[in-house]
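Asker: What follows is a structure written as structure tokens; I'll ask about it next.
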Amino acid sequence: MSLVHPCRELSEMDAEDELHLVEMEKLKQTERACLEILKKYDCLGWLVETWSDGGFFPFFSFTEWELMEWSEQQAVFNFLYDSVTLTVVFGPPIDGEFFAERPSRSITSLDFESFLDEEKAPPSSCLVQRLIFRFIESRGSWQDKCPTLHYLPQALFDISLVINRCKILGEELEFLQRWGAKFHLLETDIKNTEVKLLFSSSVAFAKFELTLAVSHDYPAAILPFRVQTHIGNIGEKEIAAVLSKVPAGHHYLQRIVISIHQNLLQGPR
């Protein structure tokens, strides 16, 4: 049986404490950086106000990635239930630059790949995947924006934030497909990046289709829409009046449906 010298044990504990303090300082720096980023997104302004008064910002709420591999050659990250993979290929070390207390590495490529089986996946999942990859394509060359490991945390945060918001949109669509009848919503259809909502109410003597165009910016921006009236006199003017009172933000789509139900479908017009 081997014995551990008490002094050595205390020394090792002190070293661990110092490492913990260093990590906490890094997290505080990350907190400040993330707050500045989130201020750019109006839909998350309430979150910034809640946590910017001295509380610790929940950065990892937007950590949608899972590290699958980290080697000398590459790092592999999975997102969204393993349906999206990011492979980061490393180049040679960079003199004078450090990352996580080690010499930093250049990045030669960042490659995204989809593993979603669109033939078997529900339409809401296909829409989410489509929006995510439109965001990825809209950023141009990721290698130019992330040339070294120093920029990788920011890239992962940007991707995670978009995936988080698109995932919530998918959950909203699944909710409406299951419970839409409670709001006089007969059908929820998805084509490309458009969401078609078919409303019908015998009490209001109305039946119309509302088409909303969604993007990877959801829910930060107002959604473009068009209306096709089948029965009654509810058209674009009436829908626009209702939507003008629904601010963009969390659960934007659900709130649109609820507002239409409450303001237009409770009685004859």
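Asker: Listed highest first by mean packing, meaning other Cβ atoms within 10 Å per residue, what order do 92-99, 179-186, 241-248, 193-200 come in?
Answerer: Per-residue mean Cβ counts within 10 Å order the peptides as 193-200, 179-186, 241-248, 92-99.
Asker: Name the long-range amide H neighbours of A206: under 5 Å, sequence gap of 5 or more, or other chain; modelled H, no Pro or chain starts.
Answerer: S201
Asker: Report the gain in length on full extension from V203 to A240: 0.36 nm times residue separation, minus Cα-Cα distance, nm rounded to one decimal.
Answerer: Extra length available between V203 and A240 comes to 11.2 nm.
Asker: What FRET efficiency comes out for the pair T148/L186, r = Cβ-Cβ distance, R0 = 45 Å, nearest 0.05?
Answerer: Between T148 and L186 the formula returns 0.30.
Asker: Quick one: Karplus J couplings for the range 128-145, per residue in order, coefficients 6.51, -1.76, 1.60, θ = phi - 60°, nearest Hz, x for Gly and Pro?
Answerer: With the stated coefficients, the range 128-145 comes to 4, 4, 4, 5, 4, 6, 5, 5, 4, 5, 5, 7, x, 7, 5, 5, 5, 7 Hz.
Asker: Now for a separate question. Rounded to whole Å and sorted largest first, what semi-axes of the equivalent ellipsoid does the C-alpha gyration tensor of the range 101-201 yield via the square root of 5 times each eigenvalue?
Answerer: 37, 13, 11
Asker: Still on this structure, please answer the following. Distance in nm between label sites at R139 and N164, each 7 Å beyond Cα in the beta-carbon direction?
Answerer: My value for the distance between the label points is 1.5 nm.
Asker: Ok, one more. To the nearest 0.05, how large is the calculated FRET efficiency for Y81 and S106 if R₀ is 30 Å and r is the Cβ-Cβ distance?
Answerer: Rounded to the nearest 0.05, the efficiency is 0.45.
Asker: Gain in length, Q74 to E97, computed as 0.36 nm per residue apart minus the alpha-carbon separation, to one decimal in nm? Present the calculation step by step, with values, prior to reporting the outcome.
Answerer: On the way: separation 23, 0.36 × 23 = 8.28 nm, distance 1.85 nm.
Separation in residues times 0.36 nm, less the Cα-Cα distance, equals 6.4 nm.
Throughout, read-outs are computed from the coordinates displayed, never taken from laboratory work. Being a predicted model, the structure only gives us computed values, none of them experimental. Methodologically, a virtual Cβ is constructed for each residue, glycine included, from the backbone with ideal geometry; neighbour enumeration extends over all protein chains shown.
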